[in-house]
1. For D470, state whether it is acidic (D, E) and closer than 23 Å to G307 by Cα.
2. Can you pull out every residue in segment 83-109 that is within 31 Å of the chain's Cα centre (by Cα) and closer than 18 Å to E269 by Cα?
3. Of the residues in segment 631-646, how many are farther than 11 Å from E663 by Cα and basic (K, R)?
4. Would you check which residues across segment 636-669 are of a type outside the set (D, E) and open to solvent by 60 Å² or more (accessible area, probe 1.4 Å) and list them?
5. So which pairs qualify, if the first residue must be in segment 310-339 and closer than 29 Å to F157 by Cβ and in contact (Cβ under 8 Å) with a residue 60 or more places away in the chain, the second must be open to solvent by 20 Å² or more (accessible area, probe 1.4 Å) and among the basic types (K, R), the Cβ gap must be under 6 Å, and the two must be at least 6 apart or on different chains?
6. Filter segment 542-572 for residues that are open to solvent by less than 20 Å² (accessible area, probe 1.4 Å) and free of Cβ contacts under 8 Å to residues at least 40 places away in the same chain; which is farthest from S704 (Cα to Cα)?
7. Select, from V229, V225, the only residue that is touching a residue at least 60 places away in the same chain (Cβ under 8 Å) and either among the β-branched types (V, I, T) or in contact with an Asp or Glu (Cβ under 8 Å, 6 or more places away or on another chain) (or both).
8. Considering only residues that are of a type outside the set (D, E), open to solvent by 20 Å² or more (accessible area, probe 1.4 Å) and assigned to a helix (DSSP H, G or I), which ones fall in segment 149-192?
Amino acid sequence: ARTSHARPFSPMAAMPLGRRAVLGSRSFHFGSSGFQAALQSMQCAPPDYATKLRAKTIALIDAHDPASWISDPAVTLLRGEALTGGTRKATVDAFGRENGAIIEATASEVDRVIEHVQTFAARARDLRVAVRAAEADLLDAEGPHAAGLVANQAIDFGKQDGVTEMVEAVEANQVERALGDALAEAEAAGEVEVCRAPAFVACVSNFSNFLDLFRKSIRNLELGVPVVVLSRSNTTQHVFRWCRLLGKLLQDRGMDPGLVTFLAAPLSEQQRLLKAAPRECPLYFTGSRAVAAAIRSAVPRAVASTGGPNTLVATEYTREVAEAIKLSAAIENAGQCTALRHAVLPCTAEQARGVFDGLAVVDGPAASLREGQFAALLGASAAQGGTAPGPGYAPASGAAVRHGQSLPPTTIDEYWRRVVVDFTAPSSAEDLRSPAFCDALAAWLVAAQPISVAVNDREGDYALARRLFDRTGVVVFTCGSNGAPALTCQARPQAGEVFGEFPVRRELLKHTRFPMVVPTPTPGYNSGYSLKHLEALGKEGLGEAAPKGVRGLAACAATDAGRGYLRVLWEYLEDACISNPRRPPPGQRETLYGLQAPPLNGQLTWVRCGPLSDVDAVAAHLLPFVATTACPLFRVSVDPAARAVADALVSSGAVPERQLLVEDAAAFSARIAAESPFNVVDDGHLKTLGPHGDGYPLAGQFVSLLMCIGHVKSTKPKDGALVAAFQDSPRWLRLRKEV
């Protein structure tokens, strides 16, 4: 286990407010020296925290009166007032069973919410003391609220192990509070501006306590950002109840009741609210890519975490590998984002079906909590498991499997709340390890972009894992052996096992404004640098200490603010890449994390400079490549009408002449269609940057649009073989030595 600090544990353990000097400059950015210091400040929850919470949760589930969610329905909450003039309807749980009531807001009540979103502003920017006092109440295992959060989630969603999620919240919240403190101090220094337009929270059902209550709501509220929580078509009872509780706890501490709003309304009315909301309002969403794309088309500042077909690779079918597949695929009855969807290993169809022999079945989440289960088949979904979800699938002891030698489509359905696995079966371990198959699998992973990949081979042999790591861009990458295999559903972000659910890179802006990384300070996704601060930096320049290529980009910049932004980006990269990868404090699993170059698979990132492209924006998008070892992975295409920009980029030494082409739009489009690059930066990207777009986003968020982020870990602590195998990978982003 991770080494604990000697001081007594508190669920609110964190550095005192205002210790940015300890964290270091740029301390709220992913991978920075300050980010590492925030990880080091974390205290583990003591073992009895989970024990106490589990016992109280089971008692609350057993005592739950189903009629209570009917007599006390979910309603719209606005400025502390319950709006009850609308139509009463039944609510349903995760499996479509009625479990309570909701009174959906009338059109005039929604109008009141719209007016609130358009006009409300918090009376103070810094609400950390009061909000964190409420947070402490919510996290206290011996208090009246923590077990209720877990119990309601279990009843509504069917969550089997909400206790572990609360432990993660206790620990990860400490890291994110420290990062939020650094962001607040940067704002106080006049460097950044946190946008305080109301933030919409579109809740997930499974991790609503950690993701929605703490990350999306409390982390925003503590810096004075109001939140509007939206009801769900299912599992809305738990969301409503934590939202109401949070509002009450804040009001008890003298906070404005307008800070927390809950809208109980059908989708059409929620859409009307979003359309009428100020453009500056962010929306935080965790869910499918299809829904994320629909939200993003309506909400420019939507930040989405999306799923993907998580994949486990093993070179041998062993009893341990079969168990790892079963646990990964059935976790939370396949209602978790890291659940396995695709297994790659030499096996027969009979062996694939046999993986799920003995899959546990429980009648409800209370039984799982009593028995210590997290991957049992819930009785409510057991009947579904006996049917094939589509062509080629066969029933398998409550699950469904499809077996073949070819890789499945990259768009395979995730079948939420069902246990479904596609098996890709090479003929042998040698075939699986072959460069041809390995590279084909890597290409599939880039095209499908799962959240998590687990690779298992001979004990201590990480050659296969390293080849896949170098050629992909997965956030969660875990290495094990066929005797002690890695699962896809293992990640502790508070321990440096950073987490993120990213769309396919070329489609990223279709789904989200930025990739969402855990841990990071949530308000940072709707923050930017002060124009005055950037202009001052731009007037100072970068100095001779900056590399030639970076100084060349600065020479091309048209404005002081643009030049200042280049300096901010360079200083962040200098800090994050000087020691990359980073090793977090010793813990349960050996881990390396940090900024990563795009996949080393031959795919490029193309930056297109059109006739009207802003040169400052072009320079900013080039800098993360020009300054780092990712330099060979980009090309610039310049329209003939912008030839002067091309000449300046080359003559200043910013871009090697061999990496720049002058071509018209038709030629560029044909090139992209033929090459299928990793990413394309065009005016859709460029126009959002700068004073005439969405301002200058924080450096960490901006760089994550272009570079990869993630970790690689072992299943074991102190795994020197893993460190030796991965530490020198060229995927880890480093400063370019000669620029």
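The values are calculated or read from the model by the stated rules, or taken from the named source; none is laboratory data. Just so you know, these numbers come straight off a predicted model, no measurement behind them. All Cβ positions, even for glycine, are placed from backbone atoms using ideal geometry, and neighbour counts span all protein chains on display. Ligands, DNA and RNA are stripped out before the accessible areas are found, and what is left, the full protein with its side chains, is counted by its heavy atoms. Shrake-Rupley method; radii C 1.70, N 1.55, O 1.52, S 1.80 Å.
1. Yes.
2. Result: T91, I102, E104.
3. So the count comes out to 1.
4. Answer for segment 636-669, where residues must be of a type outside the set (D, E) and open to solvent by 60 Å² or more (accessible area, probe 1.4 Å): P640, A641, R643, A644, S651, R658, L661, A666, S669.
5. Close Cβ pairs satisfying both conditions: A334/R418.
6. A546
7. It is V225.
8. Within segment 149-192, N152, I155, T164, V167, A188 qualify.
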